[in-house]
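These notes concern the structure reproduced below.
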């Protein structure tokens, strides 16, 4: 362990920050390099802590000392981790490298990790070796985890073995899973066996910020039997529940006002449309989002040079709030999600290009 070695448990670590620690094997030994930040050989609980830039390195000339296990954490006993961040951790060996972030020994049963953000971790070996599990390795039960851009040359960019429930997987290289991994109620980049899995783009704010944008498929689509989110809706997939008020990197907040109000729709609610982002055109950050829509309702976003108010437009039950010179922004029809929401991120370099109506 580059920072902590737990020989006997239980031990508890909370509200801690492990940065740029190194665990290294340089001489021949019967033990591999383990845990760039922590080795837990006794029961270990970790809560609300961050592991960034830790490294487990094995560069000895022979024996198991050429193997690296766990860029940040190695668990040789049961672990319980919650509210943790693993970012830019590395396991590097000559013959074997497992778990860019965490390795739980395959003999250990019952390790659980909840609400983990696992981003840009990796494992690597010298030529001829084996590197698997850029994120987690071992029989770990992961729930509400977000995995983004993790890497393992020989497979399992995010997971090698283990069980994942209500997680988000995105950008794993060369793939997300390898081994006997079981996945359910999770967002994955390609069709994956398991109950409730969805395929799609999670719509993160940024590669380094895994908060969900409005309109993400991960919103209100986790296990329907799981406890509700804090807003009283069905649980969201991933480590961070959707927060409509969240304003990510470069965002100034809400940058819109409604020129007119809609009428109650078939759900009995009055829908709304807002813009979130930056007032600076050079930032190219504008997100349109609408809410209180009937679930599954199809529609387009329209824009025009000036606002207007045309009540019960063309004999409909709705109001048109844009003036002449109307342009339809999206080519494809958008459908309101299970929470009655829809969104579109604008590319200001291409706006107001669209379809004239």
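Considering each residue of segment 19-54, count those that are within 21 Å of the chain's Cα centre (by Cα) and either buried (at least 21 other Cβ atoms within 10 Å of the Cβ) or not assigned by TED's automatic domain parsing to the domain that holds residue 87 (or both), and give that number. Count: 3.
As a summary of the residue check, residue 320 satisfies the conditions (1) crowded, with 16+ Cβ neighbours inside 10 Å; (2) out of contact with any helix residue (DSSP H, G or I) (no Cβ under 7 Å at 6 or more places or on another chain) except for the one numbered (2). Count of segment 91-119 residues, restricted to those that are more than 20 Å from residue 181 (Cα to Cα) and in a loop (DSSP other than H, G, I, E, B), is 2. Among residues of segment 198-210 that are in a loop (DSSP other than H, G, I, E, B), those with a Cβ under 6 angstrom from a residue that is crowded, with 20+ Cβ neighbours inside 10 Å, sequence gap 6+ or separate chain, pair up as 202/168; 202/170; 202/187; 202/216; 202/218; 203/213; 203/216. Checking the stated criteria, residue 75 turns out to be under 18 Å from residue 18 (Cα atoms), over 15 Å from the mean Cα position of the chain (by Cα) and at pLDDT 95 or above. Of these, 286, 281, which one is closer than 30 Å to residue 206 by Cβ, out of contact with any strand residue (DSSP E or B) (no Cβ under 6 Å at 6 or more places or on another chain) and either at pLDDT 85 or above or surrounded by fewer than 13 Cβ atoms within 10 Å (Cβ to Cβ) (or both)? Criteria check complete, one pass: 281. Residue selection: residue 247 satisfies the criterion of being under 29 Å from residue 346 (Cα atoms) and not assigned by TED's automatic domain parsing to the domain that holds residue 82.
Taking segment 289-317 as the range and being touching a strand residue (DSSP E or B) at 6+ places or on another chain (Cβ under 7 Å) and either exposed (fewer than 13 other Cβ atoms within 10 Å of the Cβ) or over 19 Å from residue 219 (Cβ atoms) (or both) as the test, the residues that pass are 296, 298, 300, 302, 303, 304, 307, 308, 309, 310, 313.
Consider segment 313-328 and keep the residues that are in contact (Cβ under 8 Å) with a residue 40 or more places away in the chain and outside any strand (DSSP E or B). The one that is farthest from the chain's Cα centre (by Cα) is 317. Taking into account only those residues within segment 216-241 that are crowded, with 23+ Cβ neighbours inside 10 Å and within 16 Å of residue 344 (Cα to Cα), which is modelled with the lowest pLDDT? Per the criteria, the residue is 216.
The values are calculated or read from the model by the stated rules, or taken from the named source; none is laboratory data. Everything numeric in this text was worked out from a predicted model, so none of it was measured. Here Cβ is always computed from backbone atoms with ideal geometry, including for glycine, and neighbour counts include all displayed protein chains.
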